[in-house]
Amino acid sequence: AADLARQMLAYSGHGHFVSRIFALDSVAQEMAHLLKVSISKRAVLRYELGAAAANVRGDPTQIRQVILNLITNASEAIGDHDGVIRLSTGIARCDRAYLRTTYLDENLPEGEYAYIEVADDGCGMDAETL
C-alpha cells in the first residue's frame, strides 16, 4: 500500500520515484502470488528467471507495475482458452545491429542489458495494433 501511495504521488507530481539498485528476478519472485491471482484460471504462469543476477537501477515499484500490466494483458490475450504465460528475466548482449531494430534510442551503446520479457500463446495483435 505504501508503494502504491508513493507511486500515485510521483505520477501526480507531488512525490518522487525511489531509484535504487535491485535484482529483476527478485522482484518477479516477490510478485508470484499477486501475479497468480491476477490471471485467468485457464492460464499457467511459468517463470524463466535469469541465472545471472540482472541488477538494475530504478524504482522497483514502477517495475512491479509494468510486470503486473504485462501479465494482465497476456492473460486477457489468452481469454477463455487454456494458455501459458512466460515471465523471463536476464541479461542479453546487444550489438548495434540488434539495437537498431528496437524502439529504443538509436544511439544506445553496445553492451549487456537487463531485460524483462512476457510472452503468451494468446491471440496476438494485428499489424495495425502492433
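The values are calculated or read from the model by the stated rules, or taken from the named source; none is laboratory data. Not measured: the values here are computed from a predicted model. Every residue, glycine among them, receives a Cβ derived from its backbone with ideal geometry; neighbour counts consider all protein chains shown. The accessibility values were calculated without ligands, DNA or RNA, using every heavy atom of the protein model including side chains. Shrake-Rupley method; radii C 1.70, N 1.55, O 1.52, S 1.80 Å.
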- Report yes if some residue within region 22-42 is surrounded by 14 or more Cβ atoms within 10 Å (Cβ to Cβ), touching a Pro at 6+ places or on another chain (Cβ under 8 Å) and either closer than 28 Å to residue 113 by Cα or modelled with pLDDT of 90 or more (or both); otherwise report no. yes
- Quick one: how many residues across region 77-98 are free of Cβ contacts under 8 Å to residues at least 40 places away in the same chain and assigned to a strand (DSSP E or B)? 3
- Check off (1) within 22 Å of residue 19 (Cβ to Cβ); (2) assigned to a loop (DSSP other than H, G, I, E, B) for residue 62 and give me the number that stays unchecked. (2)
- Item | Unmet requirement for residue 108, which otherwise passes all of (1) without any contact (Cβ under 8 Å) to a residue 24 or more places away in the chain; (2) among the hydrophobic types (A, V, I, L, M, F, W, C); (3) part of a strand (DSSP E or B); (4) under 23 Å from residue 17 (Cβ atoms) | (3)
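Test of understanding: among 114, 52, 74, which residue is touching a residue at least 40 places away in the same chain (Cβ under 8 Å) and outside any helix (DSSP H, G or I)? So that I can check it myself, show each step before the final result.
Numbers: 52 fails: touching a residue at least 40 places away in the same chain (Cβ under 8 Å); 74 fails: outside any helix (DSSP H, G or I).
Answer to the selection: 114.
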- Would you be able to say whether some residue in region 3-15 is at pLDDT below 90, touching a Lys or Arg at 6+ places or on another chain (Cβ under 9 Å) and closer than 25 Å to residue 120 by Cα? no
- Message: Looking only at region 70-105, how many residues end up being touching an Asp or Glu at 6+ places or on another chain (Cβ under 8 Å), within 19 Å of residue 46 (Cβ to Cβ) and either of a type in the set (S, T, N, Q) or open to solvent by 50 Å² or more (accessible area, probe 1.4 Å) (or both)?
- Response: 4
- Selection from region 106-130 of residues open to solvent by 90 Å² or more (accessible area, probe 1.4 Å) and either at positive phi or touching a strand residue (DSSP E or B) at 6+ places or on another chain (Cβ under 8 Å) (or both) yields 110, 112, 121
- Message: Looking only at residues that are open to solvent by 30 Å² or more (accessible area, probe 1.4 Å) and free of Cβ contacts under 8 Å to residues at least 60 places away in the same chain in region 56-69, which one is farthest from residue 39 (Cα to Cα)?
- Response: 57
